[in-house]
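S.K.: Once you've had a glance at the structure underneath, I'll fire off some questions.
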Amino acid sequence: MTSLAHRRPIGSHLILITLSLVAVFPIYWMFVTSLKPANEIYSAALLPMQPTLDNYAFAWSRIPMLRMLGNTFAMAGAQTLLQLITSVLAAYGFSRWQFPGSRLLFGLFALTWLVPFQATMIPNYVTLTQFGWRNTLMGLIIPNMGSAFAVLLLYQTFKSFPQELVDAGRIDGASSWGILWQVVLPNLRAAIASLGILLFISAWNEYFWPLLVTSRVEDSVIQIGLQMFLTQDSSLWGPLMAAASSASLPILVVYIILQRQVIESFVKSGLRS
Amino acid sequence: MSPSGAVYARTRTRLLPRLNIAWPRRLEPYLYVLPAVIAIVFWIYRPLAQTFELSFYEWNLLPTAPKVWVGLQNYSRIFSLPDMGVALRNTFVYMLGLLPLSVLLPMAIAIVTDNIGKRARTIYRALVFLPMMMAPVVVAVIWRWILHPTNGIVNLVLEGLFSLEPVRFFSDGNLAIWAIIFITGWKLTGLSTLVFSAALTNISREYLEAASIDGASRWQIVRYILIPLLSPTILFMTMLSLLLASQWTFAYINVLTQGGPLGSTTNIYYLLWNYGFQSFAIGWSSAAAMLMFVGFGVLALVFLRLSSRLAFYDN
């Protein structure tokens, strides 16, 4: 290949192994600590001598873990679904037609990433309180029903969709709605699915908005529950790591199964916290 | 839209009802974009405008309390507000301190390890990317445990190897901000490395071969070919890192230090949060938020200008 590639890759492997270790060790350490019995917690042993699930039992009894995982799942699922629906429709509208005001409206989406959360949080909090949506799933979901990021990403995807197929559908007399459902969506299933994974992961890991919306632990999501657990029992490291592991496990399972799509869509979209 | 469509229209069974009969065709596009537009306008631009309005008032968030018009007072006093100086300085430390971990190191790693085989690459990718999957609170909890002064593994190792005194990463005023920058970087380095290696694989190999035939050294190739060709990616990642550094650090600050010790880790966003929801000084919070918004907007504009000037490297 190239002059750069003629080198033997041993040095590269060393660098990448170091980087991988730095990336993985903390997560490994979380799981290992969560499996250690109380008398081993403070040892630096890389494996538990007598692995136990006691920490999990304690953590799950201490905070309403199941309830919060359920809330998080419902929130992330509903939010992902709504964001997919609104952004598929919008991306389709923007990519098929040039209409008066379309550039302005599209610009509104492109500019949202400049608006920091902190510049909108107080009025949104007030609105939410007026709607009576504090401590509700509605309050967690509805304010995030549109995702500018998803619209922009899907717009690119829709733009590259072969125009001939759309035209063929049109000649067949299909309406724009029919073309969307019968021609466009079936062909873009993979792209939409990987966007969906991305949105779900971001929603699952969301912290800022739930912190504002929920004040009762049983109405809250797992991230907030974990933080509350940390403030209550800050030195119960075993149960704390068990709670953190429980909060991460669903996402890690998704990652292990779908890591190629996950990585590709993250890298393609640049960055997203 | 297509007049011939009507002529050749076949009768066909529709899975979904025809939705475009009731309104004129010209309205169709608007209906598609409407739900997303409403969501964005109602939950982002409306509150942004309201924050602007609130920045001219004094208010304590209580619905019953009156909003008192104070004009530009919130703005004129903004730099003398408590903790603002420290928060602004820390914001710059976060922005600049994160760059080595979010841009420099990933770029270096991507360039140096470009010679790795495909199969190995996939494995490293999956491992290096893992931190990006972790929720901020989980990350904060893990690092609090790893960096714990007496029982954390890092201090156990330091003590064992060099018999050092326990390092108080989060309660030492000089260290805490760097500990938070490190954690933020830990989450980002892998992703950023992948973005850079993806950009590298898009660079045509011919340039590099031509240069090496001409006798260019490896460093010359990196300096005069790779870095210029990567400049759009470098600019993009630098901009994202600068703009988002303060946002990314928020969760760690809130969970790990609450801005302490003695304000040494607070930043502008954390301060806004405190003004808004701890001291209920809505006017201050709103004015500071507006200044932030404008400041970061200008920064983004500068970067967009720069990158459109550099865009010719793309081809």
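S.K.: Quick one: in the range A:30-56, of everything that is more than 27 Å from the chain's Cα centre (by Cα) and aliphatic (A, V, I, L, M), which residue is farthest from B:Leu156 (Cα to Cα)?
M.R.: A:Leu53
S.K.: While we're here: Just give me the residues in the range A:25-42 being surrounded by fewer than 16 Cβ atoms within 10 Å (Cβ to Cβ) and under 23 Å from B:Leu101 (Cα atoms), in sequence order.
M.R.: A:Phe25, A:Tyr28
S.K.: Filter the range B:163-213 down to the residues that are aliphatic (A, V, I, L, M), free of Cβ contacts under 8 Å to residues at least 40 places away in the same chain and more than 14 Å from every other protein chain (Cβ to nearest Cβ), then identify the one that is surrounded by the most Cβ atoms within 10 Å (Cβ to Cβ).
M.R.: B:Leu175
S.K.: If you don't mind, there's one more thing I want to ask. If you take just the helices (runs of 4 or more DSSP H) that sit entirely in the range A:86-149, which of them hold at least 2 residues that are over 21 Å from the mean Cα position of the chain (by Cα), more than 9 Å from chain B (Cβ to nearest Cβ) and farther than 25 Å from B:Phe236 by Cβ?
M.R.: The helices (runs of 4 or more DSSP H) meeting that bar are A:121-131.
S.K.: Which count do you get for residues in the range A:55-70 that are over 16 Å from A:Met228 (Cα atoms) and either aromatic (Phe, Trp, Tyr) or crowded, with 16+ Cβ neighbours inside 10 Å (or both)?
M.R.: Total satisfying the criteria: 2.
S.K.: Let me ask something else about it. Does at least one position in the range A:230-242 carry a residue that is of a type in the set (Val, Ile, Thr), within 26 Å of the chain's Cα centre (by Cα) and under 23 Å from A:Thr112 (Cβ atoms)?
M.R.: no
S.K.: Please find, within the range A:231-251, the residue that is modelled with the highest pLDDT out of those that are surrounded by fewer than 16 Cβ atoms within 10 Å (Cβ to Cβ) and in a helix (DSSP H, G or I).
M.R.: If we take residues in the range A:231-251 being surrounded by fewer than 16 Cβ atoms within 10 Å (Cβ to Cβ) and in a helix (DSSP H, G or I), then A:Leu249 is modelled with the highest pLDDT.
S.K.: Could you tell me whether any residue of the range B:95-107 is closer than 27 Å to B:Trp284 by Cα and either free of Cβ contacts under 8 Å to residues at least 60 places away in the same chain or not small (Gly, Ala, Ser) (or both)?
M.R.: Taking every residue of the range B:95-107 in turn, at least one turns out to be closer than 27 Å to B:Trp284 by Cα and either free of Cβ contacts under 8 Å to residues at least 60 places away in the same chain or not small (Gly, Ala, Ser) (or both).
S.K.: Pull up the range B:27-68, narrow it to residues that are within 8 Å of another protein chain (Cβ to nearest Cβ) and under 13 Å from B:Ala281 (Cα atoms), then point me to the one that is modelled with the lowest pLDDT.
M.R.: This residue is B:Leu61.
S.K.: Then there is this: On the basis of being part of a helix (DSSP H, G or I), surrounded by 20 or more Cβ atoms within 10 Å (Cβ to Cβ), at the interface with another protein chain (Cβ under 10 Å from one of its Cβ atoms) and under 12 Å from the mean Cα position of the chain (by Cα), does A:Val254 make the cut?
M.R.: Spelling it out, it is not the case that A:Val254 is part of a helix (DSSP H, G or I), surrounded by 20 or more Cβ atoms within 10 Å (Cβ to Cβ), at the interface with another protein chain (Cβ under 10 Å from one of its Cβ atoms) and under 12 Å from the mean Cα position of the chain (by Cα).
S.K.: Do we find a residue being within 23 Å of the chain's Cα centre (by Cα), within 28 Å of B:Arg305 (Cα to Cα) and surrounded by fewer than 21 Cβ atoms within 10 Å (Cβ to Cβ) anywhere in the range B:215-228?
M.R.: Within the range B:215-228, the subset within 23 Å of the chain's Cα centre (by Cα) is B:227.
Add one more test, that the residue is within 28 Å of B:Arg305 (Cα to Cα), and what stays is B:227.
Still in the running and surrounded by fewer than 21 Cβ atoms within 10 Å (Cβ to Cβ): B:227.
Checked against the condition, which is being within 23 Å of the chain's Cα centre (by Cα), within 28 Å of B:Arg305 (Cα to Cα) and surrounded by fewer than 21 Cβ atoms within 10 Å (Cβ to Cβ), the range B:215-228 yields at least one hit.
S.K.: While we're here: Return the total of residues in the range A:193-221 being in a helix (DSSP H, G or I) and more than 8 Å from chain B (Cβ to nearest Cβ). Quick ask: steps written out before the conclusion?
M.R.: Going residue by residue through the range A:193-221, those that are in a helix (DSSP H, G or I) are A:193-204, A:208-213, A:217-219.
Next, from what is left, pick out any that are more than 8 Å from chain B (Cβ to nearest Cβ): A:193-200, A:202-203, A:209-210, A:213, A:217-219.
Within the range A:193-221, residues that are in a helix (DSSP H, G or I) and more than 8 Å from chain B (Cβ to nearest Cβ) number 16.
S.K.: Separate question: Pull up the range B:143-155, narrow it to residues that are at the interface with chain A (Cβ under 8 Å from one of its Cβ atoms) and either basic (Lys, Arg) or surrounded by fewer than 17 Cβ atoms within 10 Å (Cβ to Cβ) (or both), then point me to the one that is farthest from A:Ala45 (Cα to Cα).
M.R.: Within the range B:143-155, the match that is farthest from A:Ala45 (Cα to Cα) is B:Arg144.
S.K.: Right, next: Which one is surrounded by the fewest Cβ atoms within 10 Å (Cβ to Cβ), of the residues in the range A:116-142 that are more than 17 Å from B:Ala288 (Cα to Cα) and aromatic (Phe, Trp, Tyr)?
M.R.: A:Phe131
S.K.: A further question on this structure: Of the numbered conditions (1) more than 29 Å from A:Arg216 (Cα to Cα); (2) touching a residue at least 40 places away in the same chain (Cβ under 8 Å); (3) of a type in the set (A, V, I, L, M), A:Ile85 fails exactly one; give the number of that condition.
M.R.: Here A:Ile85 clears every test but (2).
S.K.: Moving on to the next point. Given the criterion touching a Lys or Arg at 6+ places or on another chain (Cβ under 6 Å), surrounded by 15 or more Cβ atoms within 10 Å (Cβ to Cβ) and at pLDDT below 90, identify the matching residue among B:Asn115, B:Asn74. Before you say what the answer is, go through the steps one by one.
M.R.: On the way: B:Asn74 fails: touching a Lys or Arg at 6+ places or on another chain (Cβ under 6 Å).
Residue meeting the stated conditions: B:Asn115.
S.K.: Exactly one of (1) under 12 Å from B:Ile268 (Cβ atoms); (2) in contact with a helix residue (DSSP H, G or I) (Cβ under 8 Å, 6 or more places away or on another chain) is unmet by B:Val112. Its number?
M.R.: Unmet for B:Val112, out of (1) under 12 Å from B:Ile268 (Cβ atoms); (2) in contact with a helix residue (DSSP H, G or I) (Cβ under 8 Å, 6 or more places away or on another chain): (1).
S.K.: Also, quick follow-up: Considering only residues that are at pLDDT 90 or above and loosely packed, with under 13 Cβ neighbours inside 10 Å, which ones fall in the range A:1-16?
M.R.: Across the range A:1-16, the qualifying residue is only A:Leu14.
S.K.: Could you please give the count of residues in the range B:77-88 that are in a loop (DSSP other than H, G, I, E, B) and surrounded by 15 or more Cβ atoms within 10 Å (Cβ to Cβ)? Steps first, answer last, please.
M.R.: In the first step, residues of the range B:77-88 are kept if they are in a loop (DSSP other than H, G, I, E, B); the result is B:77, B:81-83.
From what is left, the residues that are surrounded by 15 or more Cβ atoms within 10 Å (Cβ to Cβ) are B:81, B:83.
Number of matching residues: 2.
S.K.: Now a separate question. Restricting the search to the range B:24-51, which residues are aromatic (Phe, Trp, Tyr) and farther than 23 Å from A:Ile141 by Cβ?
M.R.: The answer is B:Tyr30, and nothing else.
The values are calculated or read from the model by the stated rules, or taken from the named source; none is laboratory data. Source: prediction; values computed, not measured. Methodologically, a virtual Cβ is constructed for each residue, glycine included, from the backbone with ideal geometry; neighbour enumeration extends over all protein chains shown.
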